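The values are calculated or read from the model by the stated rules, or taken from the named source; none is laboratory data. Nothing here was measured: the structure is a model prediction, and the numbers come from that model. FYI the Cβ positions are ideal-geometry reconstructions off the backbone, even for glycines, and counts take in every protein chain you see. To get the accessible areas, we keep the full protein, side chains included, count just its heavy atoms, and leave off ligands, DNA and RNA. Shrake-Rupley method; radii C 1.70, N 1.55, O 1.52, S 1.80 Å.
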Amino acid sequence: MTERDGWSVPASYGDQLFEYAHVREGGAGLIDLSSRGRLLVSGSEAVQFLNGLITNDVKTLGENRWMPAAFPNVQGRLIASVRIIRSKDDPTGKNAAPVFLIDTESATQEAVLKTLNRFTLAGDFRVRDISSEMALISVQGARSAETLRGDAALALDRSAVAIVPGREAEVKIIRATHTAEDGFDLFVNANDATFLWEALMEAGARPVGFDALEILRIEAGIARYGLDMDESNVVSETNLDDAVSYTKGCYVGQEIIARIKYRGHVAKKLTGVVFDQAVKIDSGAGIRSVDDKEIGRITSVTLSPHLGRTVAMGYVKYDYLAAGTRVKVVSANRESPAQIVDLPFVRRNSHTSGGDLSAGLAP
């Protein structure tokens with residue numbers, strides 16, 4: 001196992017391109033995401049406190065449903081991108097109390113925990129880090145639902161949570177992609193994780209390491225904290241639109257985020273950059289307009305096997321965000337021609353095991 005920016009996963013399981021192809025070309029890839037952080041939030045005032053801290057509206061979240069959300073600071077800048085799963089209410093107290101599982105990247109686990117812990121003495125609001133008690137395994141690819149061999153997974157919509165028996169505790173399953181392919185994330189008791197991993201391999205899934213996952217992630221246009229977004233970015237810049245409710249009550253940073261939506265636009269935004277060919281580009285390389293104005297920078301970059309060229313994500317000034325805009329990227333004192341494209345670079349028809357892959361390239 002190798003530690004890469006908080007990811008305790010192998011670089012590969014032997015053949016990076018085979019792992020990539022197994023996900024992208026009709027198979028099912030098996031990914032260990034257990035290095036992500038998992039926090040359990042409960043208490044009769046959990047909804048009230050959470051709603052004051054995140055961008056989405058947990059009041060609308062029913063039992064066994066999930067939603068994306070972001071933790072902003074008072075300036076509307078991003079502390080963390082998370083997923084919030086509401087479990088069955090806890091019936092042990094005087095009144096049934098909601099229970100939430102918060103899943104976040106390893107890079108933001110401590111920040112989220114610190115933010116939540118500030119309010120545990122203010123009311124009936126409890127927080128527990130269960131990252132070591134619960135593993136997270138993802139199956140990605142056209143055959144992911146078939147690999148799970150269960151009608152519960154096949155029937156899942158975008159925000160539903162399926163509950164299936166485990167050896168020691170129940171397994172929570174959500175439909176989620178990390179690759180632009182159909183996929184499922186399985187939250188499982190840590191003691192059951194090895195058994196589940198081996199069962200999924202017997203069903204045809206194949207392990208995918210960090211390097212192949214990075215290619216798949218970038219092709220899917222999925223930002224990673226610490227690389228494509230951090231606390232210097234206003235939430236509105238980071239393409240986390242699904243994580244923001246504009247109808248809920250007040251929360252930390254709301255004024256800034258709402259003002260951007262209703263009174264103007266962001267100065268820059270995360271977008272796609274596709275090169276004319278395969279070229280070597282460094283993360284952090286500058287993006288310039290055709291008339292040589294500095295307009296942005298590259299954050300993530302990879303050679304896309306599917307497209308046969310280099311693709312990258314980066315922040316670009318608002319006036320240059322239109323798909324098809326020609327730019328040049330300066331890396332290692334070399335200029336490479338490119339164009340702006342909408343993300344993702346590769347699309348799969350949502351929630352199906354079929355559908356065509358298509359590049360997100362401007363015509």
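Rounded to the nearest 20, the Cβ-based charge dipole of the chain about its Cα centre (Lys and Arg +1, Asp and Glu -1) stands at 960 debye.
In a DSSP loop and with at most 14 other Cβ atoms within 10 Å, the trypsin sites (Lys or Arg not before Pro) in region 147-196 are R149, R158, R167. Each of I84, V74, G62 was scored by the projection of its Cα onto the charge dipole of region 59-138, and the greatest displacement toward the positive side belongs to V74; charges sit on the C-beta of Lys, Arg, Asp and Glu.
Protein heavy-atom accessible surface, 1.4 Å probe, per residue over the chain: 44 Å². The spread of Cα positions in region 22-88, taken along each principal axis and listed from longest to shortest, comes to 44, 33, 21 Å.
The residues neighbouring R65, those whose beta-carbon lies less than 13 Å from its own, together hold a net charge of +3 under the Lys/Arg +1, Asp/Glu -1 convention. Non-local lysine pairs in region 165-281, meaning eight or more places apart or on different chains, with alpha-carbon distances under 29 Å, amount to 7.
Across G264, G123, G76, mean-square fluctuation computed from a Gaussian network of the chain (C-alpha pairs under 10 Å connected) peaks at G264. When the square roots of the Cα gyration tensor eigenvalues are ordered a ≥ b ≥ c, the ratio a/c for region 182-317 is 1.5 or more and a/b does not exceed b/c, which makes its shape oblate.
For region 64-79, the residues whose backbone nitrogen is under 20 Å from a point 7 Å from the Cα of E255, taken along Cα to Cβ, are 71-79.
If R₀ is 22 angstrom, what is the calculated FRET efficiency for the pair D282 and Y13, using the beta carbon separation as r and rounding to 0.05?
Values: r = 27 Å, r/R0 = 1.24.
Taking R0 as 22 Å, the efficiency between D282 and Y13 is 0.20.
Would you work out if the chain is rounded, prolate or oblate? Take a ≥ b ≥ c from the square roots of the eigenvalues of the alpha-carbon gyration tensor; rounded if a/c is under 1.5, else prolate when a/b is larger than b/c, oblate otherwise. Oblate is the answer for the chain, as a/c is 1.5 or above yet b/c matches or exceeds a/b.
Less than 12 Å Cβ to Cβ from K269, Lys/Arg counted +1 and Asp/Glu -1: what total charge do the surrounding residues give?
Residues near K269 contribute -3 overall.
What residue among G264, S245, G314 has its Cα farthest toward the positive end of the dipole of the chain, where the charges are +1 on Lys, Arg and -1 on Asp, Glu, each on the Cβ? Towards the positive end, the residue furthest out is G264.
With the chain treated as a Gaussian network of Cα nodes joined by springs under 10 Å, which of I130, I79, I298 yields the largest mean-square fluctuation? Most flexible of the set in this elastic network: I130.
Each stretch of four or more DSSP H residues adds -39500 (n - 2.57); spread over every residue of the chain, this sum gives -4500 deg cm²/dmol at 222 nm. The loop-placed trypsin sites (Lys or Arg not before Pro) in region 264-339, going by DSSP, that have at most 16 neighbouring Cβ atoms within 10 Å of their Cβ come out as K280, K293. Length available on full extension from E202 to R297: 0.36 nm per residue minus the Cα-Cα distance, which gives 29.8 nm.
Of all beta bridges DSSP finds with both residues in the chain, what is the antiparallel percent, to the nearest 5? Show your work: numbers first, answer last.
Details: 82 of 85 bridges.
So the antiparallel bridges amount to about 95 percent of the total.
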